[in-house]
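Enquirer: Below: one structure in structure tokens.
Please treat every number below as a calculation from the coordinates, not as lab data. In this text the structure is predicted, and so the values were computed from the model without any measurement. Neighbour counts run over all protein chains shown; Cβ positions are idealised from the backbone, glycine included.
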Amino acid sequence: MRLQTRGPEVGVCNICGKTARLTEDHIPPKGCPKVGQAYLMDIMGLIGTKAEKRSKRFFQNGVKYKSICSNCNNVLLGSEYDPELIDFSHLLKEKIESRLFLPIQITTKLNRVVRSVLGHLMAHGIDLHRKGPDFELLTDYFLNSSAPWPTKLKLYCWPYPSNDQVVIRIAGYVSVRTGIPNSIFTLIKFFPIAFLITPDNPPESSFSYSRIDPLLTADIDDEILLTLPISNIPRIRWPEAPDKFGMIMHTPYSFGASRN
């Protein structure tokens, strides 16, 4: 599977849908805890289900997609939303490294953090404006700073103590007991946080994570106390790698980036 990261010079912005000169988006955004040099691979290579190819595409400080216009990249993400995600990620990094085995509590402008995360999810891939299950809902939410979170969708997050990055636009979990798809999800993970969006329950698991969509409000600047678990958090390859109870169906729009 070929992972396309370079879009055309001029094209349709993945976020707003306008035709404009396209710019490079960084996943995670610049300013988050340093990722270092990483090489890109498809998701099957990252989770170890096939041999890695000899050729690797290297990136400094996160994977880059040339897929969004300057306004979405520099104004909406760069000025409005990314600064809060950057501050939040550094605070969470400090909490994780303190090694106190207590639930983590951080006060943050969560409405801005979530929109930053969604913007980078939507920037992933080439020519994908409003494409994929529920991405119309997520796009409308991102572009309207006072919009409520889509009631159809659930949003979860947890600490992610790994340098590997994962972005999955859409995947499905199938239980081996029933053979029926019982969870469709979107995922983004980079140190030190992971976010999962699903209209269903999360893929079968006994892990601890926080559901945060009920905390979101219509005021973009509301300060919200977020509590995250520090014990029994999901394993590093969850949910992108299957467990013994099920299998994961990935689309071409899944990638991993592993630190060199």
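Enquirer: Let's test the formula: R0 of 22 Å, r as the Cβ-Cβ distance of ASP221 and LYS152. What FRET efficiency results, to the nearest 0.05?
Expert: On the way: r = 25 Å, r/R0 = 1.15.
According to the calculation, E is roughly 0.30.
Enquirer: Can you tell me the order of 14-23, 217-226 when each peptide is scored by its average per-residue count of other Cβ atoms within 10 angstrom, highest first?
Expert: On the way: 14-23: 18.3, 217-226: 13.2.
Per-residue Cβ counts within 10 Å, averaged per peptide and sorted highest first, yield 14-23, 217-226.
Enquirer: Please find the FRET efficiency linking ASN144 to SER208, where r is the Cβ-Cβ separation and R0 is fixed at 41 Å, and quote it to the nearest 0.05.
Expert: Result of the calculation: an efficiency of 0.80.
Enquirer: Next question, about the same structure. Would you mind checking LYS18/LYS64; LYS93/LYS152; LYS66/LYS189; LYS93/LYS154; LYS93/LYS244 for any pair whose Cα atoms are more than 22 angstrom apart? All intermediate terms of the calculation are to be shown ahead of the outcome.
Expert: Values: LYS18/LYS64 20 Å; LYS93/LYS152 31 Å; LYS66/LYS189 20 Å; LYS93/LYS154 24 Å; LYS93/LYS244 31 Å.
Long pairs (Cα-Cα over 22 Å): LYS93/LYS152; LYS93/LYS154; LYS93/LYS244.
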